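S.K.: Quick one: this structure, given as structure tokens, is what I'll be asking you about.
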Amino acid sequence: MRDPYEVLGVKKNADAPTIKSAYRKLAKKLHPDANKSDPKAAQRFAELNSAYELLGEEDKRKAYDRGEIDAEGKPKFRGFEGFGPTGGFGRAGRGGSDFGYEHFSFGPEGARRSGGPGGFSSFDDLLNSMFAGAARGRGRGQPGFAPEMEPASHDVTAEVTVSLTEAANGTTRRVRLPTGKEVDVKIPAGLGEGKQIRLKGQGLPGPGGIGDVLITVRVAPHPYFMRDGDNLRIDVPITLYEAVLGGRVRVPTLDGAIELTIPAGTTSGRTFRIAGKGMPAKGKAGDLYATVQIALPGKGDRELEELMRKWLSDRPYDPRKNLR
């Protein structure tokens, strides 16, 4: 994947609001619903969501900037520290340790730790700790001493980000696991944010059998739909004359636009329920709730201002009288 800063078109010192603004602008431009004739639209949109998922979270962004994870959010392999300059196994001269020791020296009494608190007193203790007691009962100094490593079977976790439309209709995504293996994941229609899909028998092997793969589904924010359980919500701008006189306005849904009747005298903030146009669900689909918001002209309109002054003079009213 490309550098997430490049994908979002922002500089590395951009603040959080700038990153969020860049994402929203590109999400509207690159959303598959707005590019139905472009076969690569979904791929670009997925890349955009992955970039924002990384840079939009402060901890992940810092880890990426420090070089600890790559552009896909996977930990980078940093190699082994190796042997110290005196022949001891550890991190001699670096003032710290990932394993709780700094330096081991070898002598007549076996391996001994030196430098730094909280370490192991002998090499046997280190091995016992690393291999979960596999070396216990073998005795120190025995010829052919070799601890047995038995990897425990465990699950492998990964994440996949889909658009709201894909979450509603279902889709199949190819996901690269931390192990390097790639799997095809079928995402059922109506799956919500944070839900998990379990792929049995595709994890890591061990004495208890082969673990599973747990895929966590992330649903990317939509440019104008907001999910509320199985329902969807949307703000629909209407003109002042549509609010006063009434009319029919086009409202987008996940499967195409519909016309909504606005009664005369509609107040800004009124919500209309559109049945069955929400997310798929067992038994019955959710609904779409459209809240109308009166939008005034972008520039000053002298005639409108004069009309409002006349209304203020001839027909004053107080919509906030019940708030006193």
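S.K.: Please specify each residue of region 1-27 satisfying the condition of being of a type outside the set (A, V, I, L, M, F, W, C) and either in contact with a Pro (Cβ under 9 Å, 6 or more places away or on another chain) or part of a helix (DSSP H, G or I) (or both).
M.R.: Across region 1-27, the qualifying residues are Pro4, Tyr5, Glu6, Pro17, Thr18, Lys20, Ser21, Tyr23, Arg24, Lys25.
S.K.: Could you tell me which residue of region 219-256 is farthest from Lys28 (Cα to Cα), considering only residues that are open to solvent by 30 Å² or more (accessible area, probe 1.4 Å) and aromatic (Phe, Trp, Tyr)?
M.R.: Applying the filter and picking the extreme gives Tyr241.
S.K.: Can you confirm whether Asp287 is buried (at least 16 other Cβ atoms within 10 Å of the Cβ), modelled with pLDDT under 90 and touching a Leu at 6+ places or on another chain (Cβ under 8 Å)?
M.R.: Considered against the rule, which asks whether it is buried (at least 16 other Cβ atoms within 10 Å of the Cβ), modelled with pLDDT under 90 and touching a Leu at 6+ places or on another chain (Cβ under 8 Å), Asp287 comes out as no.
S.K.: Which of the residues belonging to region 28-40 are among the basic types (Lys, Arg) and in a loop (DSSP other than H, G, I, E, B)?
M.R.: Across region 28-40, the qualifying residues are Lys36, Lys40.
S.K.: Mind listing whichever residues of region 275-297 are small (Gly, Ala, Ser) and under 15 Å from Asp230 (Cα atoms)?
M.R.: If the condition is that a residue be small (Gly, Ala, Ser) and under 15 Å from Asp230 (Cα atoms), then Ala275, Gly276, Gly278, Ala281, Gly283, Ala285, Gly286, Ala290 are the ones that fit.
S.K.: Okay, next question. Which condition from (1) surrounded by 17 or more Cβ atoms within 10 Å (Cβ to Cβ); (2) farther than 20 Å from Gly170 by Cα is the one that Gly208 breaks?
M.R.: Failing condition for Gly208: (1).
S.K.: Has region 50-73 got any residue that is surrounded by fewer than 18 Cβ atoms within 10 Å (Cβ to Cβ), among the polar types (S, T, N, Q), under 19 Å from the mean Cα position of the chain (by Cα) and at pLDDT 80 or above?
M.R.: No: region 50-73 contains no residue that is surrounded by fewer than 18 Cβ atoms within 10 Å (Cβ to Cβ), among the polar types (S, T, N, Q), under 19 Å from the mean Cα position of the chain (by Cα) and at pLDDT 80 or above.
S.K.: Under the condition of being part of a strand (DSSP E or B) and open to solvent by less than 30 Å² (accessible area, probe 1.4 Å), which residue from region 169-197 is nearest to Arg44 (Cα to Cα)?
M.R.: Restricting to residues being part of a strand (DSSP E or B) and open to solvent by less than 30 Å² (accessible area, probe 1.4 Å), the top hit is Val175.
S.K.: Right, another one. When both residues are 6+ apart or on different chains and their Cβ atoms are under 6 Å apart, which pairs have a first residue that lies in region 35-50 and is acidic (Asp, Glu), and a second that is part of a helix (DSSP H, G or I)?
M.R.: Cβ pairs passing all conditions: Glu47/Val7.
S.K.: In addition: Output the residue which, of all residues in region 1-34 that are over 27 Å from Leu254 (Cβ atoms) and free of Cβ contacts under 8 Å to residues at least 12 places away in the same chain, is least open to solvent (accessible area, probe 1.4 Å).
M.R.: Per the stated criteria, the residue is Ala14.
S.K.: Continuing with the same structure: Among the residues that make up region 298-305, is at least one of them in a loop (DSSP other than H, G, I, E, B), basic (Lys, Arg) and either surrounded by 11 or more Cβ atoms within 10 Å (Cβ to Cβ) or in contact with a strand residue (DSSP E or B) (Cβ under 7 Å, 6 or more places away or on another chain) (or both)?
M.R.: Residues of region 298-305 that are in a loop (DSSP other than H, G, I, E, B), as a first pass: 298-301.
If we keep only those that are basic (Lys, Arg) as well, we get 299.
Pick out the ones that are also either surrounded by 11 or more Cβ atoms within 10 Å (Cβ to Cβ) or in contact with a strand residue (DSSP E or B) (Cβ under 7 Å, 6 or more places away or on another chain) (or both) and you get none.
Checking region 298-305: not a single residue is in a loop (DSSP other than H, G, I, E, B), basic (Lys, Arg) and either surrounded by 11 or more Cβ atoms within 10 Å (Cβ to Cβ) or in contact with a strand residue (DSSP E or B) (Cβ under 7 Å, 6 or more places away or on another chain) (or both).
S.K.: Can you report the number of residues in region 198-248 which are part of a loop (DSSP other than H, G, I, E, B), within 30 Å of Leu296 (Cβ to Cβ) and in contact with a strand residue (DSSP E or B) (Cβ under 7 Å, 6 or more places away or on another chain)? If you could, list the steps in order and put the result at the bottom.
M.R.: First, pick out the residues of region 198-248 that are part of a loop (DSSP other than H, G, I, E, B): 200-203, 207-208, 211-212, 220-225, 229-230, 239, 246.
If we keep only those that are within 30 Å of Leu296 (Cβ to Cβ) too, we end up with 221-225, 239, 246.
Of the ones still in play, those that are also in contact with a strand residue (DSSP E or B) (Cβ under 7 Å, 6 or more places away or on another chain) are 224-225, 246.
Total satisfying the criteria: 3.
S.K.: Considering only residues that are of a type outside the set (Gly, Ala, Ser), open to solvent by 50 Å² or more (accessible area, probe 1.4 Å) and farther than 26 Å from Pro319 by Cα, which ones fall in region 257-279?
M.R.: Residues satisfying the conditions are Glu259, Lys277.
S.K.: While we're on this one: In region 168-217, what count of residues is obtained for those that are more than 11 Å from Ala158 (Cβ to Cβ) and either touching a Gly at 6+ places or on another chain (Cβ under 7 Å) or among the basic types (Lys, Arg) (or both)?
M.R.: Matching residues across region 168-217 total 13.
S.K.: Follow-up. For region 51-77, enumerate the residues that are assigned to a loop (DSSP other than H, G, I, E, B) and either without any contact (Cβ under 8 Å) to a residue 40 or more places away in the chain or over 14 Å from Lys20 (Cβ atoms) (or both).
M.R.: Those that are assigned to a loop (DSSP other than H, G, I, E, B) and either without any contact (Cβ under 8 Å) to a residue 40 or more places away in the chain or over 14 Å from Lys20 (Cβ atoms) (or both): Glu57, Arg66, Gly67, Glu68, Asp70, Ala71, Glu72, Gly73, Lys74, Lys76, Phe77.
The values are calculated or read from the model by the stated rules, or taken from the named source; none is laboratory data. Since the model is a prediction, treat every value here as computed from it, not as a measurement. As a convention, Cβ positions derive from the backbone with ideal geometry for all residues, glycine included, and neighbour counts pool all protein chains shown. Each accessible area value is taken on the protein alone, full model and side chains, heavy atoms only, with ligands, DNA and RNA left out. Shrake-Rupley method; radii C 1.70, N 1.55, O 1.52, S 1.80 Å.
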